[in-house]
Amino acid sequence: MGQARRGERKLREAGVTLIELVLVILLIGILSVVVLPRLFDLGAFTAHGTFDTVEAALRYARKEAYASECPVTVTLSRGALTLTQNQKCTSGRKIPVPAPSGGAAYSVSIPSGTTVVFQPTGPIVFDALGGVGTAVTVDVTGGGFSGTLTVNAPSGFVSGSP
């Protein structure tokens, strides 16, 4: 009979008290208020993706200028980054630079909540050798993310740090 009472006591002691249950529920409530909104905020993720895409576009513009021996102009306007170059390098008419996959013009749309700023303002022009006349800084920010790209003069080399 002594063994049966010990087993019953262990069973009763193995349960969860009301205080422990309330503390766990309180902890879950605090975590859901503080942590969960940060987990589902895509602003920083989107801005970082835009940073990577702008970096790729600048590097592509430099390579396209060098390969085609025609200057490529990178313009930022109306929420998009576009690449153009002079038709046959002699005409003043601008034609879009095709995307690497072919077909459509190379353009990068800037999502809402993300800002891209050129310093100094204005287009970036890669010459026929892939270089630029003056260094340009490109700042990409949004959702707590901040990254800076630098187009170095005279080489046109693009480097960045998120």
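Bear in mind these aren't lab numbers, they're just calculated from the coordinates by the rules spelled out. None of these values were measured; they are calculated from a predicted model. Here the Cβ positions follow ideal geometry from the backbone for every residue, glycine too, while neighbour counts run over all protein chains shown.
With a cap of 14 neighbouring Cβ atoms within 10 Å, and only residues DSSP puts in a loop, list the GluC sites (Glu not before Pro) found in the range 47-140. Before the final figure, lay out each step's value.
Working: sites: Glu55, Glu64, Glu69; in loops: Glu69.
Answer in residue order: Glu69.
If you line up the long axis of helix 18-34 against the longest principal axis of the chain, both from Cα atoms, how many degrees apart are they, to the nearest 10?
10 degrees
Under a plain spin-label model, where a point goes 7 Å from the Cα along Cα-to-Cβ, how far apart in nm are Val33 and Asp52?
3.5 nm
Please state the charge dipole magnitude for the chain, taken about the Cα centre, from unit charges on C-beta atoms (+1 on K and R, -1 on D and E), reported in debye and rounded to the nearest 20. Intermediate values should be presented prior to the final figure.
Working: 13 positive and 10 negative charges, 97 e Å.
Result for the chain is approximately 460 debye, rounded to the nearest 20.
Running a GNM on the chain with Cα contacts under 10 Å, which residue among Leu36, Leu21, Leu81 ends up with the highest mean-square fluctuation?
Of Leu36, Leu21, Leu81, the most mobile in the Gaussian network model is Leu21.
Where does helix 2-13 land angle-wise versus the long Cα axis of the chain, in degrees 0 to 90, nearest 10?
40 degrees
Based solely on its DSSP helices, what 222 nm [θ] is calculated for the chain when runs of n ≥ 4 H residues each add -39,500 (n - 2.57) and the sum is averaged over all residues, nearest 500 deg cm²/dmol?
Taken over the chain, the calculation gives -12000 deg cm²/dmol.
Sort the range 33-99 into rounded, prolate or oblate with this rule: let a ≥ b ≥ c be the square roots of the eigenvalues of the Cα gyration tensor; rounded if a/c is under 1.5, and if a/c is not under 1.5, prolate when a/b is larger than b/c, oblate otherwise. Write down the numbers at each step before the final one.
Working: a/c = 5.98, a/b = 3.10, b/c = 1.93.
It is prolate, given that a/c is not under 1.5 and a/b is the larger ratio.
Please identify the longest segment of the chain free of exposed trypsin sites (Lys or Arg not before Pro), where exposed means a DSSP state other than H, G, I, E or B and no more than 14 other Cβ atoms within 10 Å.
On the way: sites that count: Arg78, Arg93.
Longest site-free region, per DSSP loop and neighbour criteria: 1-77.
For the range 43-161, with the dipole built from +1 on Lys and Arg beta-carbon atoms and -1 on Asp and Glu ones, taken about the Cα centre, which of Thr148, Val132, Ser161 lies farthest toward the positive end?
Val132
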